[in-house]
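Notes follow once the structure below has been shown.
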Amino acid sequence: MSQKVDILGVSVDPVTMREAVDRIETFIEEGEPRLIATANAEMIMRATKDAELMHILNEAALVVPDGAGTVWAARHLGYDMPERVAGYDLAQELMALAPEKGQKVYFFGSAPGIAEKAKAKAELLYHGIQVVGVRNGFFTEADERQIIGEIKEAKPDILLAALGVPKQEKWLHAHLEELQVPVAIGVGGTLDVMAGAVKRAPKWMQKAKLEWLFRGLLQPKRAGRLVALPQFVMKVKEYKRRNSKKT
Ligand code: UDP
């Protein structure tokens, strides 16, 4: 197993999509509750300013390199990073395998109605998939006991939590032991995309590593977040300078 790669203090696993899927399948067989995070540049930047998020990411069983920024940063810092493992794609790969493996999936998050639409899409794409529960991601503390109870009762193997960063990571970390779900993954906008509420960048833009630009331009609420990217690049360059001085 390759050593984790340190990007601004966040330990990221240098895995291919295939390796990530294999590791997760093993986690499901083992059955212990585990948290998986998909680290893009924005999440890493956020973790540098949020000690709780940083701690959670560094305790996670697997942190995949989501996004061109993360792959660039790892390579710039002199590490091998085979490829980008986007959270959306990872979720699709796992769902494609779920029917033959008899694994159950739970969708938790996004606006009311979205998880239901994502479930219908999953049933269309992955014949025989068992989506054993759906629940939107807008709730108060008073609803939490019920949400946890419903997830526990449904006994999913895979919990896809789409509450946004860092809410999904914090919520999963806080409740993972109690939920006893083998694999809980923070998947951001994945259910929105599956439901058709948000579009992914065209393939050529994904290949040109420009998905971040597409998302920033198309979703006005994200435009402000684009600023995080040049900041990320500057921080990684500074990180490299500081760390190479030590050696
Ligand atoms: N969301 C949610 N509960 C909240 C806040 C956000 O379920 O309290 C959902 C939101 O509807 C969207 C997802 O979380 O479906 C966040 O998606 P985004 O693409 O913004 O992901 P991020 O980049 O934050 O991971």
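Counting the residues of region 194-242 that are assigned to a helix (DSSP H, G or I) and of a type in the set (A, V, I, L, M) gives 13.
In region 170-227, what residues are within 10 Å of the ligand (Cβ to nearest atom), open to solvent by less than 50 Å² (accessible area, probe 1.4 Å) and free of Cβ contacts under 8 Å to residues at least 24 places away in the same chain? So that I can check it myself, show each step before the final result.
Narrowing region 170-227 to residues within 10 Å of the ligand (Cβ to nearest atom): 171, 186-193, 195, 197-198, 215, 219, 221-222, 225.
Within this subset, residues satisfying the condition of being open to solvent by less than 50 Å² (accessible area, probe 1.4 Å) are 171, 186-193, 195, 198, 219, 222.
Those that are within 10 Å of the ligand (Cβ to nearest atom), open to solvent by less than 50 Å² (accessible area, probe 1.4 Å) and free of Cβ contacts under 8 Å to residues at least 24 places away in the same chain: TRP171, VAL198, GLN219, ARG222.
Remark: pairs (first residue in region 141-166, within 26 Å of MET54 (Cβ to Cβ); second residue in a helix (DSSP H, G or I) and of a type in the set (Val, Ile, Thr); Cβ separation under 9 Å; 6+ apart in sequence or on different chains) = ILE158/ILE24; ILE158/ILE28; LEU159/ILE151; LEU160/THR190; ALA162/ILE114; ALA162/THR190; PRO166/ILE56. Looking at region 87-110 only, could you name the residues that are crowded, with 22+ Cβ neighbours inside 10 Å and either of a type in the set (D, E, K, R) or within 16 Å of the ligand (Cβ to nearest atom) (or both)? Within region 87-110, GLY87, LEU90, ALA91, TYR106, PHE107, PHE108, GLY109, SER110 meet the criteria.
Only a single criterion out of (1) closer than 17 Å to ALA47 by Cβ; (2) under 19 Å from the mean Cα position of the chain (by Cα) is not satisfied by GLU238, namely (2).
If we scan region 67-84, do we find a residue that is within 14 Å of the ligand (Cβ to nearest atom), under 19 Å from VAL165 (Cα atoms) and β-branched (Val, Ile, Thr)? Before you say what the answer is, go through the steps one by one.
Initial filter on region 67-84 (within 14 Å of the ligand (Cβ to nearest atom)): 67, 69-70.
Then drop every residue that is not under 19 Å from VAL165 (Cα atoms), which leaves 67, 69-70.
Remaining after also requiring β-branched (Val, Ile, Thr): 70.
Checked region 67-84: at least one residue is within 14 Å of the ligand (Cβ to nearest atom), under 19 Å from VAL165 (Cα atoms) and β-branched (Val, Ile, Thr).
Among the residues of region 117-134, the one identified as within 16 Å of the ligand (Cβ to nearest atom) and farther than 28 Å from ARG222 by Cα is GLY133. Of the residues GLY137, GLY113, GLY149, the single one that is within 12 Å of the ligand (Cβ to nearest atom), more than 18 Å from the chain's Cα centre (by Cα) and not aliphatic (A, V, I, L, M) is GLY113.
State all residues of region 24-45 that are surrounded by fewer than 19 Cβ atoms within 10 Å (Cβ to Cβ) and either within 12 Å of the ligand (Cβ to nearest atom) or among the polar types (S, T, N, Q) (or both); if no residue qualifies, say none. THR26 - this is the single residue of region 24-45 that is surrounded by fewer than 19 Cβ atoms within 10 Å (Cβ to Cβ) and either within 12 Å of the ligand (Cβ to nearest atom) or among the polar types (S, T, N, Q) (or both). Scanning region 126-169 for residues that are open to solvent by less than 30 Å² (accessible area, probe 1.4 Å), closer than 19 Å to LEU90 by Cβ and β-branched (Val, Ile, Thr) turns up ILE129, VAL131, ILE158.
The values are calculated or read from the model by the stated rules, or taken from the named source; none is laboratory data. Worth saying up front: this structure is predicted, and the values here are computed from it rather than measured. Cβ: placed from backbone, ideal geometry, glycine included. Neighbour counts: every protein chain shown. We work out accessible area using only protein heavy atoms, side chains counted, and drop any ligands, DNA or RNA first. Shrake-Rupley method; radii C 1.70, N 1.55, O 1.52, S 1.80 Å.
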